[in-house]
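Below is one structure, written out as structure tokens; comments come after it.
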Amino acid sequence: MNDFEDEPKRLARLAPNLKRRALIYRIIRDFFQEQDFLEVETPVRAPAIAPEQFIVPFQSEDWFLAASPELHMKRLLASGYDRIFQFSRCFRKGERGRWHNPEFVMLEWYRKCADYLKIIDDTEKLAARITQKLGMGKSIKYQGQKIDISPPWPRTTVEDAYVKAAGWDPIKEFKPEKFDTDFVEKVLPMLAKDRPTVLLDYPAAQASLAKLKADNPLVAERAEVFIGGLELANAYSELADAGEQARRFKEAIEQIERERGQRMPLPEKFLKSVKNLRECGGIALGVDRLVMLFCDADKIDDVIAFTEDTA
């Protein structure tokens, strides 16, 4: 039997998960619309995107496919929008595996007059709403593990997690390779299995587009959410300093050119808009992984109709 003949069976098997996926979209939209968020759309193709060391973008002629809608959404914030959210198609090269597909869906939302902690509060409430609306009460069962989703979720700083699990402090002395290795081998296995975990306050070297703490410039106001072993979301108190953001971008551009031989353009329109950006918080949440959790799916292929391998 050839692949084409197998396809109807594969899609039929996925039908319950795809129906649940559609329902999750509706629940999310209702959640944000109740709070007066505006659903927006931003370009999938752009002349410049945020230069990031570990993200390899797809090129479209001389432009790029979006790796995230973040820069355009912040330009909306800088123009006076207060609360916005979006389901965005995103594209990243080389990201294919059990939890990855090069084309995926990101849910991002941003609030003015908010920080990363407020955004994490939103995330807790959103997950609890989905759980309740799907008739699961306060918990889900994922890969044989019952997980209590009810807020508030356990929170720990990156510093405390690494000191406890790996025996060193990445805030006082940041070692990039050791940080990544120890996270996978020591920190992630330590996180609670029966509860979501929020890791707070990343090293300044991993700030990306987050601002640094006013009382400790070695720490970025960044948080990540982990549920059932999955990295689900990444939240920031957003950096609103155009000079500092330009410095970080230029540093990333130089590093990318050294390591990949690719010269990324500076996102000039975004940097110009940052001058009008006020205090705000935002988050990027992987929709495919969220659906995996609520469908008890072992791999991303079980919640997407057409992956890179079947398109």
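What follows is calculated from the coordinates using simple rules that are stated; it is not laboratory data. Quick caveat, the model's predicted, so the values are computed rather than measured. Virtual Cβ from ideal backbone geometry, glycine too; neighbours counted across all protein chains shown.
Quick notes on this one:
- Wholly enclosed strands (runs of 3 or more DSSP E) of segment 92-192 bearing at least 1 residues small (Gly, Ala, Ser): 139-142
- Close Cβ contacts (under 7 Å, 6 or more residues apart or on different chains) running from residues in segment 157-184 that are of a type in the set (Phe, Trp, Tyr) to residues that are assigned to a helix (DSSP H, G or I) comprise Tyr162/Asp182; Tyr162/Val187; Trp168/Tyr162; Phe174/Ala205.
- Residue check: Ala233 meets all listed conditions (1) surrounded by fewer than 18 Cβ atoms within 10 Å (Cβ to Cβ); (2) assigned to a strand (DSSP E or B); (3) touching a Leu at 6+ places or on another chain (Cβ under 6 Å); (4) not hydroxyl-bearing (Ser, Thr, Tyr) but one, namely (1).
- Of all the listed residues (Ile283, Ile304), the sole one being in contact with an Asp or Glu (Cβ under 7 Å, 6 or more places away or on another chain), surrounded by 13 or more Cβ atoms within 10 Å (Cβ to Cβ) and part of a loop (DSSP other than H, G, I, E, B) is Ile304.
- Among the conditions (1) within 19 Å of Ala114 (Cβ to Cβ); (2) of a type outside the set (Phe, Trp, Tyr); (3) in contact with a Ser or Thr (Cβ under 8 Å, 6 or more places away or on another chain), the only one that Thr42 does not satisfy is (1).
- Criterion (small (Gly, Ala, Ser), without any contact (Cβ under 8 Å) to a residue 12 or more places away in the chain and out of contact with any Asp or Glu (no Cβ under 6 Å at 6 or more places or on another chain)) met by exactly one of Gly261, Gly229: Gly261
- In segment 249-268, the residue that is surrounded by the most Cβ atoms within 10 Å (Cβ to Cβ) out of those that are under 12 Å from Leu71 (Cβ atoms) and in contact with a helix residue (DSSP H, G or I) (Cβ under 7 Å, 6 or more places away or on another chain) is Pro267.
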